[in-house]
Amino acid sequence: MKPTSMQWRDLVSESVAGLASRPLRTLLTVLGTVLGIAALVSTVGIAQTAGNRIIGTFDALQATSVVVTNESSWSGDAAVAFPSDSEDRLIRLNGVEAVGTLGSVNVGSDLVSAVKLDDPLGRYEFQISVLAASPGLLDAVKGELRMGRWFDVGHEERADDVVILGPGAASQLNIFRVDQQPVVFIGDKPFVVMGIIRDVDRQPQLLDAVIMPEATARKHYGYAGATTVQIDVSLGAGDLIAEQAPVALNPNDPTVYRVQKPPSVDSLRNRVEGEINSLFIILGGVSLLVGAIGIANVTLVSVLERVGEIGLRRAFGARRRHIAGQFLLESTTMGIIGGIIGATIGILVVVGLSAIRQWTPVLAPWIPFGAPLLGAVTGLLAGVFPSLRAASLEPVEALRSGT
Amino acid sequence: MAGTTLLQATGLRPAPLSPVLHLSGIGRTFLSGDTEVPALTDIDLTVTRGEYVSVVGPSGSGKSTLLHILGLLDRPTTGSYLFEGNEVADLDEASRTAIRGRRIGFVFQSFHLLSHRTVLENVTMAMLYTEVKRDVRVERARAALDAVGLTHRIEFPASRLSGGERQRVAIARAIVSGPSLVLADEPTGNLDSVTSESILGIFDSLRRSGQTIVMITHDASIAAHADRRVSLKDGRLQLEAAR
């Protein structure tokens, strides 16, 4: 005689009916999985949201700065100077917001002073670093002046004897105003102070330095050229500009320069997510495990309670696999229900938290779909042992137990 | 004997047809520790189509073991069991399950209904594994419930039925697949005498419609409803009291 069989539709409806006949117990059983999945979803969601948020705050500084230097490599090759029109070459690139060049000026043993006195103790003379900068540097370092102005192309072309003071240098030299055109001396040479910096976001060595136009440095000290090019790029253009800038500066051999590019947005986000995730995913995993044990436990209890039903089904022609399938599907369905409820709660937590913090909730699209799947796998694994137990019951024994 | 008058009045005797089941030399022993305990010894029994046979015996006589073997729920240790002409004593589990599901209907002392499911669902469940289409299942279940007089209870949950109604549902469930054999295990054991009579009346009408029935009971007065009585004592068949 042809073996008995069971249609999928019947298997599903029998399993659902089995769960629906004890709704309260089913819900309580599912609770463990709900908590596990909710913890996982909200963890991943909060990590993604926070990762996105942190990118937002770091963007302004980190992600928009590209620095090219001509420091000689460890192998000892001679440094290749930047061309004097570096600024013009780079500002043309799409994605560059501002460019400035910077280099230190070798003033020998000359000290900087504000008043020229014959003081053998040299109490009015200070060793302050002297830097040469291009007109665009202030914007490129996102700097701000406390007073006066930054030099422009005119000063550069005329090689005027002017300087800008960093705030540290200004306080050392006791210069707090520029409206009366104070003068500082580097060695014996006088320079008019035309501005004092309040702050810079990049290249902090500017804060303690005396800064002059590059042409001025070239005229007095034989300044060879900038050693650093600071580029302010628009958000997301970091990788592209980091690639293009050396080529624009030295088309023959772009590899002579070293480029510091911003951490790519993706890698930064991954790092942040990774740190938040690892802890909470363990937490969510543990609660999911507890949920699975709960499902296994209740399914096993349910098998023991329904021994009579199992015997009855065997008498109707159910094979062992049909019995196993029914209980397996019941536990899997509990897992799916837990996954759906858990994912819903998790998403609500992410959205709620974002609303309170006025963040933009960010959630990868695979999460709301993956969570029920994870729940299903949990339920499936949890159901294996109870199902095998149910299937192994002998019909005679099962019928004898009554009900 | 009052319940048998109807049968006698009809004057119907089963024609000697092909046997539904034929046991020869069936024995079943159980292992208790290291010792073998015989539950059934050397049983020979033939039930022909349309026959209503009762097996009577005190508790511990092996009635249940015999029922389990007849219902292919258990295997005999020795002997031959022909079910509808086919040897089933040494069949594999899947084939035994298939015969059980398609050809045998069970009625139990404790009803074995699923209390959370409706009357209709309890009856259609008997056809769950035998490839009967859903709408056909409902159709047949309604007919079977009609036959036991429960049409008005179809959507009731089984838990809200009286004992007699439950056993009627169980009978409807046993006959819904059109089995060649209905096995009843103390079907009135949990019922009062009035309800018992009505249940026995249903079996009588099943018998009249040609259904082969084997009923197991410890109560001789209930066994008297059957065409033929078989006594079981200490695992052996006693004289067959044909009426």
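Just so you know, all these numbers are worked out from the coordinates, no wet-lab data involved. Given the structure is predicted, the values throughout are model-derived calculations rather than measurements. Positions of Cβ are backbone-derived with ideal geometry, glycine not excepted, and every protein chain shown enters the neighbour counts.
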* Asked: How well do other chains shield peptide B:118-130, expressed as the mean number of their Cβ atoms within 10 Å of each residue Cβ?
  -> 4
* Structure fact -> Across A:315-324, the residue-averaged tally of Cβ atoms belonging to other chains within 10 Å stands at 6
* Pop out the ³J(HN,Hα) list for the stretch A:188-205 in order, Karplus 6.51 cos²θ - 1.76 cosθ + 1.60 with θ = phi - 60°, rounded to Hz; leave Gly and Pro as x. => 9, 8, x, 9, 7, 7, 9, x, 10, 6, 8, 6, 10, 8, 10, 6, x, 5
* Asked: Once amide H atoms are built 1.01 Å from N in the peptide plane, which residues 5 or more positions from residue B:213, or in another chain, come under 5 Å H to H?
  -> B:51, B:52, B:53, B:182
* **Mean ellipticity per residue at 222 nm, deg cm²/dmol - from DSSP H runs of n ≥ 4 across the protein assembly as shown, formula -39500 (n - 2.57)** => -14500 deg cm²/dmol
* Using a simple spin-label model with points 7 Å from Cα along the Cα→Cβ vector, what separation in nm is obtained for residue A:7 and residue A:282? -> 5.1 nm
* Count the DSSP beta bridges whose two residues both fall in the protein assembly as shown, then state the antiparallel fraction as a percent rounded to the nearest 5. => 70 percent
* **Rounded tilt (10° steps) of A:265-305 against the dominant C-alpha axis of chain A** => 10 degrees
* Span from the the stretch A:18-38 Cα centroid across to the the stretch B:170-233 one, whole angstrom -> 43 Å
* To do: Once you have the Cα-Cα distance between residue A:243 and residue A:153, take 0.36 nm times their residue separation minus that, and quote the gain in nm to one decimal.
  => 29.6 nm
* **Candidate lysines - alpha carbon under 23 Å from residue B:63, same-chain residues fewer than 8 apart omitted** => B:233
* **Percent antiparallel among DSSP beta bridges (both partners in the stretch A:65-261, rounded to 5)** => 80 percent
* How far is it, in nm, from the label point at residue B:220 to the one at residue A:80 when both lie 7 Å from their Cα along the line to the Cβ? -> 12.0 nm
* Asked: In whole percent, what relative contact order does the stretch A:65-261 give with Cα contacts below 8 Å and a gap of six or more residues?
  -> 36 percent
* Which FRET efficiency value, to the nearest 0.05, do you get for residue A:348 and residue A:145 by plugging their Cβ-Cβ distance into 1/(1 + (r/R0)^6) with R0 = 45 Å? -> 0.35
* Taking 0.36 nm per intervening residue step and subtracting the Cα-Cα distance, what contour gain separates residue A:123 from residue A:199 on full extension? -> 24.7 nm
* **Pairs of alpha carbons in chain B whose separation is greater than 22 Å (percent)** => 53 percent
* To do: Round to a whole angstrom and tell me the spacing of the C-alpha centers of the stretch A:123-188 and the stretch B:52-72.
  => 113 Å
* Structure fact -> Protection proxy (average C-beta count within 10 Å per residue), highest first, orders B:130-137, A:107-114 as A:107-114, B:130-137
* Asked: How much FRET efficiency would the formula 1/(1 + (r/R0)^6) give for residue B:30 and residue A:369, where r is the Cβ-Cβ distance and R0 is 51 Å, rounded to 0.05?
  -> 0.40
* Estimated distance in nm for a label pair at residue A:111 and residue B:198, the labels positioned 7 Å out from Cα along Cα-to-Cβ -> 12.2 nm
